[in-house]
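The values are calculated or read from the model by the stated rules, or taken from the named source; none is laboratory data. Because the structure is a prediction, the values reported are computed rather than measured. Cβ sites come from the backbone with ideal geometry, for glycine too, and all protein chains shown count toward neighbours.
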Amino acid sequence: MEEEKEDQESNAEDKLESNETEAEDSPKEISLEDKVKELEDKILRSAAEVENIRKRSEKERAEAYKIGISLFVKDFVPVLDNIERALSTLKDTDDVNYESFVEGISATEKDIISLLEKHGIQQINPINEKFDPLFHEALFEAETDEHEPGFVTQVIEVGYAIDKRLIRAAKVGVSSKK
């Protein structure tokens with residue numbers, strides 16, 4: 001009997017301990033103020049995270065731009081060197097060979113055009129094409145019987161585009177009826 005009493009007392013103590021543990025494990029009621037503070041904290045953390053992402057993206061964009069422009073400049077520097085050499089030969093001599101000078105300038109122009117093409121920049125030279133206001137800037141109209149109205153008859157300055165995105169419109173003369 002005594003053992004039964006001890007067992008009952010032990011069981012009673014175990015029940016009390018388990019009730020206390022359950023009370024500690026069960027979620028406590030959170031006051032509205034605490035909930036508001038918790039939500040405000042989450043909002044502030046989210047806003048800070050968004051701001052950090054924006055700053056990181058801007059930094060990465062700026063870095064990508066620097067890399068892109070440095071690659072272009074690296075390819076352009078030899079062309080600039082050729083121009084400087086051509087100009088220095090003109091300064092150093094009294095007898096100017098215009099034919100070789102023009103050949104050098106033409107070669108430099110070809111180098112520049114190939115450099116632009118290498119970097120995805122296309123020339124817009126719309127001679128004898130239909131006028132397109134998205135890529136052409138009309139400087140004047142010329143009456144002519146050779147072309148239908150609205151065609152490019154003269155290119156004053158070629159235009160440039162990269163991936164169908166206009167950098168500079170071609171400046172052109174457009175045909176009109178006589």
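One residue alone among Glu33, Glu24, Glu13 is acidic (Asp, Glu), farther than 30 Å from His119 by Cβ, at pLDDT below 60 and surrounded by fewer than 10 Cβ atoms within 10 Å (Cβ to Cβ), and that residue is Glu24.
Each residue in the range 90-99 was checked for being surrounded by 10 or more Cβ atoms within 10 Å (Cβ to Cβ) and of a type outside the set (A, V, I, L, M), and 1 pass.
In the range 82-120, what residues are closer than 30 Å to Gly68 by Cα and free of Cβ contacts under 8 Å to residues at least 24 places away in the same chain? Listed by number, the residues that qualify are Glu84, Arg85, Ala86, Leu87, Gly104, Ile105, Ser106, Glu109, Lys110, Ile113, Ser114, Glu117.
Only one of the listed residues (Val79, Val155) is hydrophobic (A, V, I, L, M, F, W, C), in contact (Cβ under 8 Å) with a residue 12 or more places away in the chain and touching a helix residue (DSSP H, G or I) at 6+ places or on another chain (Cβ under 7 Å). That residue is Val79. Against the criterion of being within 35 Å of the chain's Cα centre (by Cα) and at negative phi, Phe135 qualifies.
For the range 100-138, a residue qualifies if it is of a type in the set (A, V, I, L, M, F, W, C), surrounded by 11 or more Cβ atoms within 10 Å (Cβ to Cβ) and farther than 24 Å from Arg165 by Cβ, and the qualifying residues are Phe101, Ile105, Ala107. Filtered by the rule that a residue be farther than 25 Å from Pro78 by Cβ and among the β-branched types (Val, Ile, Thr), the range 112-130 gives Ile124, Ile127.
Being under 30 Å from Gly68 (Cβ atoms) and over 33 Å from the mean Cα position of the chain (by Cα) is a property that does not hold for Gly173.
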